[in-house]
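Just so it is clear, none of the values below were taken in a lab; they were calculated from the coordinates. On a predicted model such as this, the values are computed, not experimentally measured, just so you know. No Cβ is skipped: glycine too gets one built from the backbone with ideal geometry, and neighbour counts run over all protein chains shown.
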DNA sequence: CCGGGGGCGTC
DNA sequence: ATCGGAG
DNA sequence: CTCCGATGACGCCCCCGG
């Protein structure tokens with residue numbers, strides 16, 4: 001099949017709003033493909049080449065792609081960047097400049113789906129000296145021989161953002177239409193949850209049919225899609241959603257970890273660890289392996305928990321930034337293991353021996369987890385309380401915060417509280433104090449810069465650069481970028497509101513490491529809420545005050561919706577006040 | 001040989 | 001991670 | 001309610017260039 005045919009379908013899908021129509025267009029595309037092609041197309045449609053648990057990246061993104069487009073077309077780099085800022089879409093940039101160039105150059109040959117897959121796979125394998133240049137040249141070649149529309153989607157595949165309104169769920173819908181029939185929708189989704197491999201699901205459906213899908217089993221070594229949770233800011237509402245009674249568990253601030261155990265495997269292969277996005281964490285936490293083998297009483301199984309940083313001497317949980325030092329580390333592992341010790345706190349069991357647990361309700365899984373785990377100094381069970389009493393739940397929440405947790409996870413006890421990927425049906429609900437503005441300090445920051453929006457924000461700002469005020473120096477020190485919490489009306493107002501402050505270069509009073517696309521004289525003040533203050537290498541607020549080379553920033557910042565028209569820039573939250581908020585959060589009474 | 005830009009994954 | 005829009 | 005796609009801070013590794 002020609003890639004041209006695929007992108008034609010993408011074009012149609014991109015321009016439709018109806019979800020059902022999108023599904024049917026995808027179904028049309030799928031039914032015209034061979035099984036091999038189908039598999040590839042399914043991956044490409046997710047902006048990838050293979051399932052997420054396979055360690056494969058293109059190693060190129062915005063900048064490298066712009067460079068490749070430049071090499072393919074020799075259109076001035078500054079012009080390309082401006083075009084990107086204006087359209088907010090690398091695909092559009094590629095298509096537009098190629099459209100102009102195509103008049104002089106001819107298509108060399110038609111790109112097939114298989115040809116594209118092979119080229120991209122080659123690209124992803126390249127590493128080492130000269131690899132950047134190789135990638136850039138290869139991509140330039142691809143862009144050069146691509147039609148404008150092909151180039152558009154090539155660029156989008158490379159950055160992994162297709163933006164046609166289709167993601168996994170819609171693909172599963174379309175596969176169901178073509179190969180399974182509505183009555184089998186659940187079976188299709190279950191197969192995806194078990195395998196985490198949408199290409200494999202497509203392939204099995206295509207080659208063997210839906211009955212073969214039903215034979216799939218949870219298997220050690222094959223990661224399952226992680227179950228997610230909804231959010232709610234009121235414990236009474238949560239209790240109500242849960243039907244008046246629920247399990248409440250500490251929500252630990254660390255890395256989600258799905259652990260596969262096979263004691264019969266050869267030495268070094270008995271444990272496999274997967275992150276929430278199914279990245280392989282096995283080599284990064286080797287010191288846990290024997291503690292897990294020791295704690296788990298079955299021969300094989302799959303258990304899930306949170307890997308949290310701890311102070312080994314006191315047993316206290318440490319901030320998330322501590323475990324960040326462990327994540328993705330390849331070098332200096334021994335030192336990091338010493339310096340940043342971690343513990344695994346378990347909260348679920350998905351396979352226990354030969355027993356598949358995912359279709360059992362939560363209480364039964366918890367019971368099995370408690371049966372099969374013997375806690376030790378590095379492996380523990382999550383702290384849990386089952387209650388129908390809101391006050392009890394509330395004080396449990398306060399205890400969780402006091403012990404350094406983010407808040408609570410609430411889990412349904414109902415018969416349908418099975419383990420399901422995604423956030424489905426309010427089976428799990430998280431409750432964090434930052435969901436309530438009265439429980440956390442909001443902050444009033446000054447807009448000092450802005451960044452061009454992408455995609456649906458192409459005609460406005462994507463994010464604002466926010467600063468606190470430092471009265472001693474009469475300076476504005478950046479604290480964070482702000483891009484969440486705006487609704488469409490806010491977004492469309494922003495350019496107009498900020499126009500009076502727009503200036504050509506950074507204001508003399510603004511201290512920033514970051515280079516914004518637009519600069520403003522300090523004036524407009526917005527209210528911001530976040531989870532906590534973090535040490536920041538990227539922001540200048542109170543830089544060097546608490547830690548050499550680090551400023552302060554905000555974790556999960558978002559706009560509350562309040563424009564502080566009543567405040568001038570000098571009435572904004574001061575850098576000193578942010579330091580105080582940071583100090584206050586250290587004592588988590 | 002080291003610093004920084006770029007990429008990618010965690011939350 | 002959080003959030004808002006749209007079906 | 002579900003699904004999608006905007007956006008955040010930050011830490012590690014890679015490659016490249018001074």
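Quick rundown of the values:
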{"quantity": "Whole-angstrom gap from segment A:479-545 to segment A:23-39, using each part's C-alpha centre", "calculated": "45"}
{"quantity": "Alpha-carbon centroid distance for the pair segment A:298-333 / segment A:402-424, whole angstrom", "calculated": "21"}
{"quantity": "Extension gain (nm, one decimal) between residue A:167 and residue A:488, 0.36 nm per residue minus Cα-Cα", "calculated": "113.3 nm"}
{"quantity": "Exposure proxy order (Cβ contacts within 10 Å, fewest to most) of A:273, A:25", "calculated": "A:25, A:273"}
{"quantity": "Mean Cα-pair separation over length for segment A:278-354, i.e. relative contact order, pairs under 8 Å, 6 or more apart, %", "calculated": "45"}
{"quantity": "Radius, Kirkwood style, for chain A when every pair of distinct Cα atoms is counted (Å)", "calculated": "26.7"}
{"quantity": "Area projected by the alpha carbon convex hull of segment A:47-159, averaged over all directions, nm²", "calculated": "7.0"}
{"quantity": "Full-extension gain in nm, residue A:102 to residue A:16, via 0.36 nm per residue minus C-alpha separation", "calculated": "28.2 nm"}
{"quantity": "Percent RCO, i.e. relative contact order, over chain A, from Cα pairs under 8 Å lying at least 6 residues apart", "calculated": "12"}
{"quantity": "Projected label distance in nm at residue A:290 and residue A:587, using a 7 Å step from Cα toward the beta-carbon", "calculated": "4.2"}
{"quantity": "Nitroxide proxy distance, nm - points 7 Å out along Cα→Cβ at residue A:220 and residue A:435", "calculated": "3.7"}
{"quantity": "Segments A:535-541, A:274-280 sorted - mean Cβ within 10 Å per residue, highest first", "calculated": "A:535-541, A:274-280"}
{"quantity": "Projected label distance in nm at residue A:110 and residue A:183, using a 7 Å step from Cα toward the beta-carbon", "calculated": "4.0"}
{"quantity": "Computed FRET value (nearest 0.05) for residue A:265 with residue A:212, which takes r as the C-beta separation and R₀ as 30 Å", "calculated": "0.65"}
{"quantity": "18 Å cut-off, amide nitrogen to a point 7 angstrom out along residue A:325 Cα→Cβ, residues in segment A:265-286", "calculated": "A:284-286"}
{"quantity": "For A:109, A:11, order by how many other beta-carbon atoms lie within 10 Å, fewest first", "calculated": "A:109, A:11"}
{"quantity": "Average projection area in nm² (convex hull over Cα atoms of segment A:230-305, one quarter of hull surface)", "calculated": "6.8"}
{"quantity": "10 Å-binned pair-distance histogram of segment A:443-585 (Cα, whole percent)", "calculated": "13, 47, 34, 7, 0"}
{"quantity": "Residue A:125-residue A:228 FRET efficiency (beta carbon distance; Förster radius 30 Å; 0.05 resolution)", "calculated": "0.40"}
{"quantity": "Proxy reagent accessibility, fewest Cβ within 10 Å first, across A:77, A:22", "calculated": "A:77, A:22"}
{"quantity": "Segment A:228-432: Cα Rg divided by the 2.2 N^0.38 Å rule of thumb", "calculated": "1.01"}
{"quantity": "Contour minus Cα-Cα distance for residue A:502 and residue A:389 (0.36 nm per residue)", "calculated": "35.3 nm"}
{"quantity": "Largest to smallest principal axis extent of the C-alpha atoms in segment A:309-417, angstrom", "calculated": "47, 40, 23"}
{"quantity": "Protection proxy ranking of A:447-456, A:67-76 - average other beta-carbon atoms within 10 Å, highest first", "calculated": "A:447-456, A:67-76"}
{"quantity": "Packing rank of A:331-340, A:395-404, A:133-142, A:462-471, where each peptide gets the mean count of other beta carbons within 10 Å, highest leading", "calculated": "A:462-471, A:133-142, A:395-404, A:331-340"}
{"quantity": "Centroid-to-centroid separation of segment A:453-468 and segment A:81-101 [C-alpha atoms, Å]", "calculated": "19"}
